[in-house]
Amino acid sequence: MSSSSWVVHKFGGTSVADAERYRNVAAIVRADAEGARIGVVVSAMAKVTDALLEVCALASKRDDGYLVKLDAIAKRHEQVADALLDARAASSLKEKVAQDIVDLRDILRASRLLGHRTDAIDEYVSGHGEVWSAHMLSAHLGVPFVDARKVLVVRPSDLGPMVDWPVSRARTHAAVGDAKLVVITGF
């Protein structure tokens with residue numbers, strides 16, 4: 001990254017609950033766009049993380065209601081995309097969500113068949129809320145999307161997990177380049 005300073009904004013789920021809230025976040029970020037480079041970290045839309053964890057719980061209990069709830073989560077994202085984005089960006093985002101839903105159905109079906117869930121399944125499934133939210137805002141702002149899972153490297157150590165700063169910095173620089181504004185997944 002360049003030597004210019006960064007300003008990081010963090011918005012939780014309530015701040016990105018619907019299309020109007022995304023517009024409010026975009027206005028705040030644009031108002032702060034003078035000078036510093038800006039990183040915007042967003043959570044999943046309000047209640048999406050909890051809903052995705054509920055989907056995991058239902059699948060592991062062999063309750064096929066998980067499919068209905070997963071479809072409802074996808075539909076909510078599609079509706080917000082249609083209300084917030086131009087037709088091309090909305091179509092692209094809806095395609096991304098649909099592809100992810102196919103993968104999530106496969107993982108959740110395995111959990112259903114086993115009658116078991118793991119932390120790894122919960123983290124993977126629930127993490128999609130942040131990914132979809134960050135894609136939504138980056139498409140609305142017309143700026144790069146950065147998937148924190150691909151740039152932040154954490155390694156085990158005697159003191160617990162530690163960030164590998166040199167590798168993380170290099171990956172972040174490669175992902176961000178010279179962009180003045182980026183949207184990053186976050187929890």
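If we scan region 81-100, do we find a residue that is outside any helix (DSSP H, G or I), of a type in the set (A, V, I, L, M) and either closer than 17 Å to PHE11 by Cα or modelled with pLDDT under 95 (or both)?
No, every residue in region 81-100 fails to be outside any helix (DSSP H, G or I), of a type in the set (A, V, I, L, M) and either closer than 17 Å to PHE11 by Cα or modelled with pLDDT under 95 (or both).
Conditions: (1) under 20 Å from PRO144 (Cα atoms); (2) among the aliphatic types (A, V, I, L, M); (3) at pLDDT 95 or above; (4) open to solvent by 10 Å² or more (accessible area, probe 1.4 Å). ALA57 meets all but one. Number of the miss?
(1)
Regarding region 1-9, can at least one residue be identified that is buried (at least 18 other Cβ atoms within 10 Å of the Cβ) and not hydroxyl-bearing (Ser, Thr, Tyr)? Full working, then the answer.
Narrowing region 1-9 to residues buried (at least 18 other Cβ atoms within 10 Å of the Cβ): none.
Taking every residue of region 1-9 in turn, none turns out to be buried (at least 18 other Cβ atoms within 10 Å of the Cβ) and not hydroxyl-bearing (Ser, Thr, Tyr).
Restricting to region 1-34, and then to whatever is free of Cβ contacts under 8 Å to residues at least 24 places away in the same chain and not charged (D, E, K, R), can you tell me which residue is farthest from ALA170 (Cα to Cα)?
ASN24
Suppose we filter LEU137, LEU113 for residues that are of a type in the set (A, V, I, L, M), exposed (fewer than 15 other Cβ atoms within 10 Å of the Cβ) and modelled with pLDDT of 95 or more; which single one remains?
LEU113
Return the total of residues in region 160-187 being assigned to a loop (DSSP other than H, G, I, E, B) and touching a helix residue (DSSP H, G or I) at 6+ places or on another chain (Cβ under 7 Å). Step through it out loud before you land on a result.
Kept after step one, since they are assigned to a loop (DSSP other than H, G, I, E, B), are these residues of region 160-187: 160-161, 164, 177-180, 186-187.
Then keep just the ones that are touching a helix residue (DSSP H, G or I) at 6+ places or on another chain (Cβ under 7 Å); that gives 186-187.
Here the count works out to 2.
If I filter region 139-156 for residues that are under 16 Å from the mean Cα position of the chain (by Cα), within 30 Å of LYS61 (Cα to Cα) and not in a loop (DSSP other than H, G, I, E, B), do I get at least one hit?
Yes - at least one qualifying residue is present in region 139-156.
How many residues are touching a residue at least 40 places away in the same chain (Cβ under 8 Å), over 21 Å from VAL183 (Cβ atoms) and in contact with a helix residue (DSSP H, G or I) (Cβ under 7 Å, 6 or more places away or on another chain) if we restrict to region 105-146?
Selection size over region 105-146: 9.
All but one of (1) within 21 Å of GLY12 (Cβ to Cβ); (2) open to solvent by less than 20 Å² (accessible area, probe 1.4 Å); (3) free of Cβ contacts under 8 Å to residues at least 60 places away in the same chain; (4) out of contact with any Phe, Trp or Tyr (no Cβ under 6 Å at 6 or more places or on another chain) hold for HIS77, so report the exception by its number.
Going through (1) within 21 Å of GLY12 (Cβ to Cβ); (2) open to solvent by less than 20 Å² (accessible area, probe 1.4 Å); (3) free of Cβ contacts under 8 Å to residues at least 60 places away in the same chain; (4) out of contact with any Phe, Trp or Tyr (no Cβ under 6 Å at 6 or more places or on another chain) one by one, HIS77 breaks only (4).
In a helix (DSSP H, G or I), without any contact (Cβ under 8 Å) to a residue 12 or more places away in the chain and open to solvent by 20 Å² or more (accessible area, probe 1.4 Å): is that true of ALA51 in this structure?
On the way: in a helix (DSSP H, G or I): yes; without any contact (Cβ under 8 Å) to a residue 12 or more places away in the chain: no; open to solvent by 20 Å² or more (accessible area, probe 1.4 Å): yes.
Considered against the rule, which asks whether it is in a helix (DSSP H, G or I), without any contact (Cβ under 8 Å) to a residue 12 or more places away in the chain and open to solvent by 20 Å² or more (accessible area, probe 1.4 Å), ALA51 comes out as no.
The values are calculated or read from the model by the stated rules, or taken from the named source; none is laboratory data. It should be emphasised that the depicted structure is a prediction, and the values quoted were computed from it without experimental measurement. We place every Cβ from the backbone using ideal geometry, glycine too, and count neighbours over all the protein chains shown. When the accessible area is computed, the model is the full protein with side chains, heavy atoms only, and any ligands, DNA or RNA have been set aside. Shrake-Rupley method; radii C 1.70, N 1.55, O 1.52, S 1.80 Å.
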